[in-house]
1. Find the residue count for region 172-187, including only residues that are buried (at least 16 other Cβ atoms within 10 Å of the Cβ) and among the basic types (Lys, Arg).
2. Using beta carbons and a limit of 7 Å, which pairs, at least six apart or on different chains, have the first residue in region 53-82 and polar (S, T, N, Q) and the second one surrounded by 18 or more Cβ atoms within 10 Å (Cβ to Cβ) and assigned to a helix (DSSP H, G or I)?
3. Looking at region 192-206, can you tell me whether even one residue there is closer than 30 Å to THR282 by Cβ, modelled with pLDDT of 80 or more, exposed (fewer than 13 other Cβ atoms within 10 Å of the Cβ) and touching a strand residue (DSSP E or B) at 6+ places or on another chain (Cβ under 7 Å)?
4. Which residues, counting only those in region 65-118, are at negative phi, of a type in the set (Gly, Ala, Ser) and open to solvent by 10 Å² or more (accessible area, probe 1.4 Å)?
5. From the list LEU101, LEU130, which one is under 19 Å from the mean Cα position of the chain (by Cα), of a type outside the set (Asp, Glu) and closer than 29 Å to GLN182 by Cα?
Amino acid sequence: MARFRNKKKVAFVKPTKKQPQQNVDHVTGDKIPRSFVFSRLKLPGSLKQLQADLRKMMLPYTALNLKEKKRNNLKDFLNVAGPMGVTHFLMLSKTGSSPYLRVARTPQGPTLTFKIQEYSLAVDIANSQLRPRVPKDLFKNSPLIVLSGFGTGEQHLKLTTIMFQNIFPAIDINTVKLSSCQRIVLLNYNKDTKLIDFRHYSIRLQPVGVSRRIRKFVQNHQVPDLRSLQDVSDFVTKAGYGSESEGDEEAATVSLATDFGRVNKASTKSAVKLQEIGPRMTLQLIKIEEGLCSGTVIYSEYGNSDEKKEEGNEEDDDSEGDGEGSEED
């Protein structure tokens, strides 16, 4: 009598969906710029907080919890940057006189060295404001970048413009969602003082001609306290209808193409308001090097001299010893 062969049951494995590639910019087709913000040599407490503020500003395409060790040198960060798709380094350092910020393109440069003339931390700016504004989704998308005063035609300013334009992802004005435009980084160059004002703002829209009471009522869904009022119309007219719309000038208003939140509706006018969230810096461009913290000096504020400047003293430390790799949480 013939035997029937028992076939082994094969477990069904559900095919996994391929996640869309996040390393490529859908606008330009290029790699999404990613960054490391770290320090060279030891930093005082205030500069460590400035480093944390810069990391938060560069979100979401940065290593927020990048761990540094004393033995780490520049090569260690460069070795980790390649596999992780990191395209830019922001390096803070402190000499005996002043703090410095280096912005470098990996892996081959160029490197821009800025002297930090003045700076304010995000916490200091928040403490100086009556109503600090930091929504929970504020750092979900990259900030917009605006450069002002750099169109003088000078070569070093062109390189500065290209560097900062490429440090954030490009946007397509035809397809960008208004909800993703929540922050803006503004760099203003003063040709008289040769200083760069670095500011970081949050963007918010308010409907023109609507008082704060009505906006809060629509946004929060809370029943207002009307016990002291004779009529519901008193709630609307109290304190002046639209009296707090200080940004309602024609130059500061826009007509929305789509709805933005619960209050700002399409085809209506809304006032654009910027609120500083920090950090704030005043920068002076000192030099531009062709390579990554090395190579030919393309531009120098002090002229073409072979004299070593104070801001370059920490470079010697980068080339000594074999350090341990950096870590990221």
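The values are calculated or read from the model by the stated rules, or taken from the named source; none is laboratory data. Everything quoted here is computed from the prediction, not taken from an experiment. All Cβ positions, glycine included, derive from the backbone under ideal geometry; neighbour counts span all protein chains shown. With ligands, DNA and RNA removed, areas are computed over all heavy atoms of the protein, side chains included. Shrake-Rupley method; radii C 1.70, N 1.55, O 1.52, S 1.80 Å.
1. Looking only at that region, the number is 1.
2. The qualifying pairs are THR62/ARG55; ASN73/ASP318.
3. yes
4. GLY82, GLY96, SER97, SER98
5. Matching residue, one of LEU101, LEU130: LEU101.
Results for (1) in contact with a Ser or Thr (Cβ under 6 Å, 6 or more places away or on another chain); (2) within 30 Å of LEU157 (Cα to Cα); (3) of a type in the set (Lys, Arg); (4) at pLDDT below 65, shown as yes or no for each residue.
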site: ALA252; (1), (2), (3), (4): no, yes, no, no
site: ALA257; (1), (2), (3), (4): no, no, no, yes
site: ALA266; (1), (2), (3), (4): yes, no, no, no
site: VAL272; (1), (2), (3), (4): no, yes, no, no
site: MET281; (1), (2), (3), (4): no, yes, no, no
site: LEU285; (1), (2), (3), (4): no, yes, no, no
site: GLU290; (1), (2), (3), (4): yes, yes, no, no
site: VAL297; (1), (2), (3), (4): no, yes, no, no
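Yes/no per residue for (1) buried (at least 18 other Cβ atoms within 10 Å of the Cβ); (2) over 21 Å from ALA52 (Cβ atoms):
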| residue | (1), (2) |
| --- | --- |
| ILE125 | yes, no |
| ARG133 | no, no |
| LYS136 | no, no |
| LYS140 | no, no |
| VAL146 | no, yes |
| GLY153 | no, yes |
| LYS158 | no, yes |
| ALA170 | no, yes |
